[in-house]
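A short worksheet on the structure shown next.
The values are calculated or read from the model by the stated rules, or taken from the named source; none is laboratory data. Please read these numbers as outputs of a predicted model, since none were measured by experiment. Cβ placement follows ideal geometry from the backbone for every residue including glycine, while neighbour counts extend to all protein chains displayed.
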Amino acid sequence: MVEGGLEVSIAVFASGSGSNFEVLVEKSREQAWPQEIALLVCDKPGAGVLERAERLGVPAYVFAPAQYPDKAAYEQDVLQLLRKYDVEWIVLAGYMRLIGPTLLEQYPWRILNIHPSLLPAFQGKDAIQRALEYGVRWTGVTVHFVDEGMDTGPIIEQKPVLVEPGDTLESLQKKVHFVEHHMYPAVIRKLLTGQLIPPRDR
Ligand code: GAR
């Protein structure tokens, strides 16, 4: 997308293995999205997602939040980097950290998250395991705009996943990831191409 003559771009934030990151990069290229995934921001030195970024040729930046006096200072450094890349959208893909006011104020309705449950059920960590332990018949995946809470914020799309008798953490994770890998790129593409309009722009 071109705004004021500037190419704007997408930053993916991730902390873990990065399977969603990889699918997003692949789909963005295959489908020639109007904005490219210009960089990866990672808050976990050594995370698996870094190896994927290298293989895919996406510049990766690792920040160690513990080395900053507070979240504001950490996010200020991240923000400087995002400005260099003219980032318009921040896409969280397994980024296990709350976004603070420094980034939220600069990116209203422009930060997305994917969560492996039907929110508001099972917010936070280990959502798939907790759904399995609870004994729900259905769990699923939610894509939503990010606010200051943990896996809160206006919901954009949800898809259900059936928990079948005999499902293990591994089998349920596999089903949830399968849904995530189709759903997240599709939602982002709709937002980038104007098929879905964030409330800020209506
Ligand atoms: C995904 O299942 C994502 O929904 C979840 O982390 C996983 C990352 O997997 N996110 C959250 O739990 C956010 N609260 P990946 O590293 O293979 O993409």
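Here are some notes:
- Scope the stretch 87-101; condition under 23 Å from ALA186 (Cα atoms) and either without any contact (Cβ under 8 Å) to a residue 12 or more places away in the chain or not in a loop (DSSP other than H, G, I, E, B) (or both); matching residues: VAL87, GLU88, TRP89, ILE90, VAL91, LEU92
- Matching entry among LYS84, LYS174 (being free of Cβ contacts under 8 Å to residues at least 12 places away in the same chain, within 12 Å of the ligand (Cβ to nearest atom) and not hydroxyl-bearing (Ser, Thr, Tyr)): LYS174
- Within the stretch 181-202, residues that are hydroxyl-bearing (Ser, Thr, Tyr) sit with their Cβ atoms under 6 Å from residues that are not in a helix (DSSP H, G or I), at 6+ positions apart or across chains, in these pairs: TYR184/ILE114.
- Inter-residue pairs, beta-carbon under 7 Å, first of a type in the set (Lys, Arg) and in the stretch 17-31, second at pLDDT 95 or above and more than 9 Å from the ligand (Cβ to nearest atom), 6+ apart: LYS27/PRO185
- Residues located in the stretch 61-81, provided they are more than 16 Å from the ligand (Cβ to nearest atom) and under 21 Å from VAL25 (Cβ atoms): TYR61, PHE63, VAL78, LEU81
- Among residues of the stretch 147-158, those that are of a type in the set (A, V, I, L, M, F, W, C) and either away from the ligand (no atom under 12 Å from the Cβ) or part of a helix (DSSP H, G or I) (or both), counted: 2
- All helices (runs of 4 or more DSSP H) inside the stretch 1-84 with 1 or more residues being closer than 28 Å to LYS174 by Cβ and among the β-branched types (Val, Ile, Thr): 19-30, 48-56
- Only residues that are touching a strand residue (DSSP E or B) at 6+ places or on another chain (Cβ under 9 Å), closer than 15 Å to ILE114 by Cβ and not in a helix (DSSP H, G or I) were counted across the stretch 125-146, and they come to 8.
- Candidate set from the stretch 177-202 (those that are surrounded by 14 or more Cβ atoms within 10 Å (Cβ to Cβ) and among the β-branched types (Val, Ile, Thr)); member that is nearest to the ligand (Cβ to nearest atom): VAL179
- Per the listing GLY140, GLY149, GLY153, the residue uniquely loosely packed, with under 15 Cβ neighbours inside 10 Å and either among the small types (Gly, Ala, Ser) or within 17 Å of PRO198 (Cβ to Cβ) (or both) is GLY149.
- Boolean, TYR107 is within 15 Å of the ligand (Cβ to nearest atom), within 24 Å of PRO34 (Cβ to Cβ) and among the hydroxyl-bearing types (Ser, Thr, Tyr): no
- Only one of the numbered conditions (1) closer than 14 Å to TRP89 by Cβ; (2) crowded, with 17+ Cβ neighbours inside 10 Å is not met by PHE63, and that is (1).
- Filter result (of a type in the set (S, T, N, Q), within 30 Å of GLY135 (Cα to Cα) and not in a helix (DSSP H, G or I)) within the stretch 162-202: THR168
A quick yes/no check of all residues on (1) surrounded by 14 or more Cβ atoms within 10 Å (Cβ to Cβ); (2) under 12 Å from the mean Cα position of the chain (by Cα):
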residue: VAL78; (1), (2): yes, no
residue: TRP89; (1), (2): yes, yes
residue: ILE99; (1), (2): yes, yes
residue: PRO108; (1), (2): no, no
residue: GLY124; (1), (2): no, no
residue: GLN129; (1), (2): yes, no
